[in-house]
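Values in this text are rule-based calculations from the coordinates and carry no lab data. Predicted model, so just to flag it, every value in this text is computed and none were measured. Positions of Cβ are generated from backbone atoms using ideal geometry, with glycine treated the same way; all protein chains shown enter the neighbour counts.
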Amino acid sequence: MGLPQMGFPAGLPKTMLVDLSGLVTPEKNHVRITTSMRLHWDQILVAKHVPAEAASLRVTKLDAARADLRSIGYPAPFNPDGRTPPLYTYDRILETELWGAHEGYYTRYGDVRPLLAAIDDQYVITHHGDELRLTFEASELPELPDGWTRSFLAFADGFGKDMDLNSARPHRIEPLPFHGMTSYPYPEDESFPDSELHRRYNTRYVGPDGANPFTTNPKTGTTVR
């Protein structure tokens, strides 16, 4: 008995949480991680799950008041300890990067808040060098009792696609992934649940060389802004 997959800390140093409920007990306390990838773990900790109410925690969910997609460039890498992988700083922004680009239609710049209203298949499609800037209204948060402190967690739900030649459809955005697909690429009897909202926002065409040769979507006639 085990987990079919637990994901991996892709690319950069990350902290991962893995639910081991039912897998680890006082009598069964050995865990084996099997992978075909080269991963480095600096530490592994096991913690007992404590319900929020038992730990005197109070959870407040806050939706973004604004969500703006824009091009910002590339935070410069630096190595404070001289070792890889690098960290990145917003204090110095590079204009170019040597990454390739998937050909297809990305989300146009500007307000994209309607695409973030729910966990569904109408999501923001970003190109490298893009930034999704979220603004929250702090006045909507409740006052804290004396002695309490507040921590912030950002929740994200989405898909990632690289350009590895061993990946499916490595050079194009399409076919777009969706939550109900049984595999990727999905079989012919499955399709992305397209919508008017999706077509209205995802109008920024990027060609195979990363260029944007026109400002109007030839499929819909929508002007890219």
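How far apart, in nanometres, would the label points at Y184 and E140 be if each is projected 7 angstrom from Cα along the Cα-to-Cβ direction?
2.9 nm
Expected output is a single nm value to one decimal: the length gained when fully extending between L165 and L62, i.e. 0.36 nm times separation in residues minus the C-alpha distance. What is it? Could you put the intermediate results ahead of the total?
Values: separation 103, 0.36 × 103 = 37.08 nm, distance 3.95 nm.
Extra length from L165 to L62 when fully extended: 33.1 nm.
Under a 5 Å amide H to amide H cut-off, with H placed in plane at 1.01 Å, what residues pair with Y109 once short-range neighbours are removed?
Counting only residues 5 or more places away or on other chains, the set is R225.
Roughly how many debye, to the nearest 20, is the charge dipole of the chain about its Cα centre, given +1 on each Lys and Arg Cβ, -1 on each Asp and Glu Cβ, and no other charges?
Values: 23 positive and 30 negative charges, 57 e Å.
Using Cβ point charges on Lys, Arg, Asp and Glu, the chain gives about 280 debye.
Filter the chymotrypsin sites (Phe, Trp or Tyr not before Pro) in segment 49-107 to those in DSSP coil with at most 16 other Cβ atoms within 10 Å of their Cβ, and list the result. Kindly include the intermediate steps, with their values, before the conclusion.
Numbers: sites: F78, Y88, Y90, W99, Y105, Y106; in loops: W99.
Counting only loop positions with at most 16 other Cβ atoms within 10 Å, the chymotrypsin sites (Phe, Trp or Tyr not before Pro) in segment 49-107 are W99.
Put +1 on the Cβ of every Lys and Arg and -1 on every Asp and Glu Cβ in segment 148-195; which of F192, F152, P175 then has its Cα farthest towards the positive end of the dipole?
F152
From the phi angles alone, apply the Karplus equation (6.51, -1.76, 1.60; θ = phi - 60°) to segment 127-139 and give each ³J(HN,Hα) in whole Hz, x where the residue is Gly or Pro.
Taking θ as phi minus 60°, the curve returns 9, 4, x, 7, 9, 9, 9, 9, 10, 10, 8, 5, 5 Hz for segment 127-139.
Show me the ranking of peptides 129-136, 148-155 by mean Cβ neighbours inside 10 Å, starting with the highest. Spell out each step's value before the answer.
Details: 129-136: 14.1, 148-155: 6.6.
In decreasing order of mean packing, 129-136, 148-155 become 129-136, 148-155.
Within segment 147-170, find all residues whose amide N lies under 15 Å from a label point positioned 7 Å from the Cα of F8 along Cα-to-beta-carbon.
161-168
For segment 14-142, max minus min Cα coordinate along each principal axis, in Å, sorted largest first?
54, 43, 32
Quick one: which residues, 5 or more positions from L23 or on another chain, have an amide H under 5 Å from its amide H? H modelled 1.01 Å from N in the peptide plane, none for Pro or chain starts.
For L23, no residues qualify.
Given the Cα-Cα distance of L98 and H128 and 0.36 nm per residue of separation, how much length would full extension add, in nm? Please report the intermediate quantities before stating the final value.
Values: separation 30, 0.36 × 30 = 10.80 nm, distance 1.04 nm.
Value of the extension gain: 9.8 nm.
Would you mind computing Rg(Cα) / (2.2 N^0.38 Å) for segment 137-208, counting N as its residues? Write out the running numbers ahead of the final one.
Details: Rg = 19.6 Å, N = 72, 2.2 N^0.38 = 11.2 Å.
That ratio works out to 1.76.
Between V124, V206, V59, find the one with the highest GNM mean-square fluctuation for the chain; connect C-alpha pairs within less than 10 Å.
Among V124, V206, V59, the largest GNM mean-square fluctuation belongs to V59.
How many Lys pairs in the chain lie less than 25 angstrom apart by Cα atoms, where the lysines are 8 or more positions apart or on different chains? Display every interim value, and only then the final one.
Numbers: K14/K48; K14/K61; K14/K161; K28/K48; K48/K61; K161/K219.
The result is 6.
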